[in-house]
1. If I model a spin label at T2 and E126 as a point 7 Å from the Cα along the Cα→Cβ vector, what separation in nanometres do I get?
2. Using every alpha carbon pair in region 1-139, what percent of pairs falls into each 10 Å bin from 0 up to the bin containing the largest distance?
3. L161: accessible area at probe 1.4 Å, nearest 10 Å²?
4. Compute the distribution of all C-alpha to C-alpha distances in region 113-177, in bins of 10 Å from 0, and list the percent of pairs in each, rounded to whole numbers.
5. Provide the net charge surrounding D149, with neighbours chosen by a C-beta distance below 12 Å and charges set as Lys +1, Arg +1, Asp -1, Glu -1.
6. Work through the residues other than L229 whose Cβ is under 12 Å from its Cβ and net out their charges, Lys, Arg +1 and Asp, Glu -1.
7. With runs of 4+ DSSP H residues as the only contributors, calculate the mean residue ellipticity of the chain at 222 nm using -39,500 (n - 2.57) per run, divided by the residue total and rounded to the nearest 500.
8. Let's test the formula: R0 of 35 Å, r as the Cβ-Cβ distance of A221 and R60. What FRET efficiency results, to the nearest 0.05?
Amino acid sequence: MTTRIAMWSGPRNISTAMMRSFGSRADTVVVDEPLYAHYLAVTGIDHPGRAEIMASQPRRWEDVAGALTGPLPGDPAVYYQKHMTHHLLPAIGREWLGALTHAFLIRDPGHVVASYARVRGEPTLEDLGYPQQAEIFRAYGGPVVDAADVLRDPAGTLGRLCDALGIGFDPAMLAWPPGPRDDDGVWAPHWYASVWKSTGFAPYDPSPAEVPDRLRPLVEAARPYYDELALHRL
């Protein structure tokens, strides 16, 4: 019986490193942002590699949902789905989510906004995915891990996460070889340079977030959603 883990994260988090971690398990198959093409098709947003992304994935959310909940070749023990919360657009049906085991990767909004502002000048609350993350958590629950806790103590935090998911911790999750993977999305050359150089989780950086003054209201708008999930972090 395959455990289908939907890991919900906002942008500018350690979501790709977390995918690497789970992908290092011998019993796990991973999929990288399967709703990305649908998100681009519906919103019309121009992201790097847009044409390649649109060609690499189904554009209909119904087709994506069917693949994520349907039969899998080889019946792996774990099917890890790396999801961006902002890809779960309002018009996407929610019924199929009940077939998944949900987990949540959160990060303090000050650090998210500071990082996001360096790549896109004026993010919105929906871009950051906090309301969508809270919506999924309220409906389905599931274990919550904070990126800061993962970086402070990878073995301990991942151990608690795996226990909560009922899959057992594998020390192979703590290290991986550098370079690209076949299961990376086609957008990887545009975004995954640091992950491709990595061999494990980066050290925790305690530096305070440097948020531009104009974006401080966005941090405060996101904080209640973050705080809601942070109360449940492992």
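The values are calculated or read from the model by the stated rules, or taken from the named source; none is laboratory data. Worth saying up front: this structure is predicted, and the values here are computed from it rather than measured. In this analysis, Cβ positions are derived from the backbone assuming ideal geometry, glycine residues included, and neighbour counts consider all displayed protein chains. Surface accessibility is based on the protein's heavy atoms, side chains included, excluding ligands, DNA and RNA. Shrake-Rupley method; radii C 1.70, N 1.55, O 1.52, S 1.80 Å.
1. 3.2 nm
2. 11, 41, 38, 9, 0
3. Estimated to the nearest 10 Å², L161 gives 0 Å².
4. The calculated distribution, bin by bin, is 17, 33, 34, 15, 0.
5. Net of charged neighbours comes to +1.
6. Surrounding charge for L229 is -1.
7. -11500 deg cm²/dmol
8. 0.65
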